[in-house]
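Shown next, in structure tokens, is the structure this report addresses.
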Amino acid sequence: MKSDIIFMHAPSVYDFRKKPIFYGPVSDVIPSSPVFEMYPIGFMTISSHLEAAGFKTRIVNIAVQMLQSDRFDVEKRIRSLDADVFAIDLHWMPHAHGALELAKIVKKYHPNSKVELGGLTSSYFHRELIERPEVDMVMRGDTTEVPTVRLMEILQRGGDLSEVPNLTWKDDEGRIHENGLTHSLTSLDEVLFDYGTMIKCVMRNMDISGALPWYGWDKLPLTSVFTVRGCSINCAECGGSHYANGKVVCRKAPAYRSPEKLAEDMATIQSYLDTPIFIVGDLRQHSMDYADRFLAACREQRIKNHVVVELFNGATPEYFQKLDRTFDGGWSIEFSPDSHDEKVRLALGKGYTNEAIEKTIPAAFRNGCSRFDLFYMNGLPYQDRESALSSARASERLWASVNRDDGLFIYNAPFAPFVDPGSRVFEEPEKWGYRLRARTLEEHRVLLDNPSWKHVLSYETEWMTRDDVAEISYDAAIELARMEHGAGRIDDNVLRERCERTEFARDLMHRVDEIMKIADPEEREARLWETKDEGTRMMNSTVCNKKDLDWDAGSIWANSPRVAMGLLKSFFRR
């Protein structure tokens, strides 16, 4: 079936199945694999606007389908598709290799179709991207739903592409034009947010596997709603910080979705799926009044799904009591202090103390929290080996502050693989003690083609070389496992298995290092291929048990009756 526009998601590296790659722990603390097969939520919101305007859309997650089968033929799949526009996300930098390779394949089989790239990374490198022969258009910005509708109207019905805000494009003679980045919503209430659009498109195209948000989502689904685009906080390393948003998408202030609209989004999800809903963005970032209005709206909407709430700093028992009175299906917390070393954390721009962390965790569990995930990183400003290990050791104190059966999960992983373009660290690396190995999109793309995660890292710091970041990440993982064992949360067998796995991963990294010293390219490649199976086996749970990230939820198949009822109700909502 022909589509007007197909949204296509690439793996981080193409074709990872045909390359000897040791990924390491770069994705141990996110739902997706090191292939980074999770596509951005913008696929859904832009599709919703286009469908409402009468265009036929489709999502094709090439990365997921490559993970599902070694026999999946990417070129055959792309050749079989038919669309006027192929929109490929280059939202975060780890897709710099795969996104461009997919663009080349699209152009190979569909030379008359337009290839469009979009996302934060595309916005930052739009001038470099548009110079590439496989790229026809780059859509800049973080609220591009309306500009994309305008783009499709002009392409199909006639008009001048210079009228499309935020668009960098080539005309028929190959001349490059850069329209102003002028469309940036100040409120997200205009954005259509409806999982039903995705469900209807899947049914129309008869392609469930191609539309999965990430590998395994159909068995353990997790949904999300967004409080905001942009941010009021200035974390130095973050490509989504206030500074980075101003630099990359000209966003002067965060754009919030109203509390009532946000609760409606959750009610819509609930009508289709009985699955956890992750609220992206701290509800208190706007104000406590915003959070209170939202919780009141959720009570009015009778939200029964389990809810996951983000914290950007410490929280009071009173706040947790409000959450507990609102969410009958239970609630959990995600919190990323990044380091337990206050000097490091304050340098990043996170202005709260260890005392705030140590009060927040027990307060959450005493007031009904089901689960609390806490995240630390290695490779940060002012962080040396002892500082990194001190975060792992601090977990002993945190676990001791709650009951043994309380669901406190603590993770420690490297800051990898890249420093986000547009972040304060990327723009002024010397100020933060960083030395960057890549500045251009092409330099990042080349790094991704390395056979070991350590060689992909785009930075070193005054306090850690690349070797240090890698070694300390494994050291911290072992230290964290020992702390968890000492707290009585894992038994001797789990401790031994986790430490053995971590040391095996370290040894594999060292073997790759030695192979990379071989001068003869054919011998080097042959030796690297000898590590392929081991590297693939270590793709997930390298330094932690990634299954700890799974949320209790029924599969999408178990939700089939609810999906059918939700679709029926959606017709009446219209």
* To do: Please specify each residue of the range 416-425 satisfying the condition of being touching a strand residue (DSSP E or B) at 6+ places or on another chain (Cβ under 7 Å) and closer than 15 Å to L447 by Cβ.
  => V419
* Asked: If the Cβ limit is 6 Å and pairs must be 6+ apart or interchain, which residue in the range 285-308 that is in contact (Cβ under 8 Å) with a residue 12 or more places away in the chain and over 16 Å from V228 (Cβ atoms) pairs with which residue that is acidic (D, E) and in a loop (DSSP other than H, G, I, E, B)?
  -> K304/D328
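Looking at the range 347-444, what helices (runs of 4 or more DSSP H) fall wholly within it and have at least 1 residues that are more than 27 Å from the chain's Cα centre (by Cα) and without any contact (Cβ under 8 Å) to a residue 60 or more places away in the chain?
Of the helices (runs of 4 or more DSSP H) lying wholly inside the range 347-444, those with at least 1 residues that are more than 27 Å from the chain's Cα centre (by Cα) and without any contact (Cβ under 8 Å) to a residue 60 or more places away in the chain span 354-366, 385-400.
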* To do: Can you confirm whether the range 205-214 contains a residue that is part of a loop (DSSP other than H, G, I, E, B), among the aliphatic types (A, V, I, L, M) and surrounded by fewer than 19 Cβ atoms within 10 Å (Cβ to Cβ)?
  => yes
* Residue that is farthest from E190 (Cα to Cα) [pool: residues in the range 230-250 that are among the polar types (S, T, N, Q) and either without any contact (Cβ under 8 Å) to a residue 24 or more places away in the chain or assigned to a loop (DSSP other than H, G, I, E, B) (or both)] -> N234
* Having 1 or more residues that are modelled with pLDDT of 95 or more, of a type outside the set (D, E) and within 25 Å of the chain's Cα centre (by Cα) is the bar; report the helices (runs of 4 or more DSSP H) wholly within the range 251-327 that clear it. => 259-272, 288-301
* **Residue selected from the range 197-232 under the condition more than 24 Å from H306 (Cα to Cα) and among the small types (G, A, S), by the criterion nearest to the chain's Cα centre (by Cα)** => G230
* Out of the range 455-506, which residues are β-branched (V, I, T), touching a helix residue (DSSP H, G or I) at 6+ places or on another chain (Cβ under 6 Å) and farther than 30 Å from T440 by Cα? -> I478, I490, T502
* Quick check: anything in the range 29-38 closer than 24 Å to T148 by Cα, in contact with a Pro (Cβ under 9 Å, 6 or more places away or on another chain) and surrounded by fewer than 24 Cβ atoms within 10 Å (Cβ to Cβ)? -> yes
* To do: Kindly indicate whether D194 is of a type outside the set (F, W, Y) and either more than 27 Å from the chain's Cα centre (by Cα) or surrounded by fewer than 15 Cβ atoms within 10 Å (Cβ to Cβ) (or both).
  => no
* Asked: All but one of (1) outside any loop (DSSP other than H, G, I, E, B); (2) within 28 Å of the chain's Cα centre (by Cα); (3) among the charged types (D, E, K, R); (4) modelled with pLDDT of 95 or more hold for D189; which doesn't?
  -> (1)
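Report yes if D189 is touching a Lys or Arg at 6+ places or on another chain (Cβ under 7 Å) and either surrounded by 14 or more Cβ atoms within 10 Å (Cβ to Cβ) or touching a residue at least 12 places away in the same chain (Cβ under 8 Å) (or both), otherwise no.
Taking the combined requirement at face value, the residue satisfies it.
Determine whether the range 8-20 contains at least one residue that is farther than 23 Å from K108 by Cβ and out of contact with any strand residue (DSSP E or B) (no Cβ under 7 Å at 6 or more places or on another chain).
There is at least one residue in the range 8-20 that is farther than 23 Å from K108 by Cβ and out of contact with any strand residue (DSSP E or B) (no Cβ under 7 Å at 6 or more places or on another chain).
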* Structure fact -> Given the conditions (1) in contact with a helix residue (DSSP H, G or I) (Cβ under 6 Å, 6 or more places away or on another chain); (2) farther than 18 Å from I5 by Cα, every one holds for W169 apart from (2)
* **Long-range neighbours under 6 Å by Cβ, at least six apart or interchain, first residue free of Cβ contacts under 8 Å to residues at least 24 places away in the same chain and surrounded by fewer than 19 Cβ atoms within 10 Å (Cβ to Cβ) within the range 490-514, second assigned to a helix (DSSP H, G or I) and of a type outside the set (A, V, I, L, M, F, W, C)** => I490/E484; L495/H485
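Here is a yes/no grid of residues against (1) modelled with pLDDT under 95; (2) of a type in the set (V, I, T); (3) at positive phi:
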| site | (1), (2), (3) |
| --- | --- |
| F36 | yes, no, yes |
| I41 | yes, yes, no |
| I46 | no, yes, no |
| L50 | no, no, no |
| V60 | no, yes, no |
| A63 | no, no, no |
| D73 | no, no, no |
| H97 | no, no, no |
* To do: Take Y256 and decide whether it is surrounded by fewer than 19 Cβ atoms within 10 Å (Cβ to Cβ), in contact (Cβ under 8 Å) with a residue 24 or more places away in the chain and of a type in the set (F, W, Y).
  => no
* To do: May I ask you to list the residues in the range 68-96 that are in contact (Cβ under 8 Å) with a residue 60 or more places away in the chain, under 18 Å from P421 (Cα atoms) and crowded, with 21+ Cβ neighbours inside 10 Å?
  => D89, M93, P94, H95, A96
* To do: Name, by its number, the condition in (1) of a type in the set (A, V, I, L, M); (2) in a loop (DSSP other than H, G, I, E, B); (3) at pLDDT 95 or above that does not hold for V85.
  => (2)
* Is it fair to say G368 is touching a helix residue (DSSP H, G or I) at 6+ places or on another chain (Cβ under 6 Å) and at positive phi? -> yes
* Given (1) surrounded by fewer than 17 Cβ atoms within 10 Å (Cβ to Cβ); (2) touching an Asp or Glu at 6+ places or on another chain (Cβ under 9 Å), where does G379 come up short, assuming only one miss? -> (1)
* Asked: Do you know which residues across the range 135-176 are of a type in the set (D, E), within 31 Å of the chain's Cα centre (by Cα) and assigned to a loop (DSSP other than H, G, I, E, B)?
  -> D136, D142
* Asked: If you go through the range 338-345 one residue at a time, do you hit one that is touching a Pro at 6+ places or on another chain (Cβ under 8 Å) and touching a residue at least 24 places away in the same chain (Cβ under 8 Å)?
  -> yes
* **Of all residues in the range 1-27 being aliphatic (A, V, I, L, M) and farther than 18 Å from R445 by Cα, the one that is surrounded by the most Cβ atoms within 10 Å (Cβ to Cβ)** => M8
* To do: Scan the range 523-543 and give yes if some residue there is at negative phi, of a type outside the set (D, E, K, R), at pLDDT 65 or above and in contact with an Asp or Glu (Cβ under 8 Å, 6 or more places away or on another chain), otherwise no.
  => yes
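The values are calculated or read from the model by the stated rules, or taken from the named source; none is laboratory data. Please read all numbers here as calculations on a predicted model, not as lab measurements. Glycine also receives a Cβ, built like all others from the backbone with ideal geometry; neighbour counts cover every protein chain displayed.
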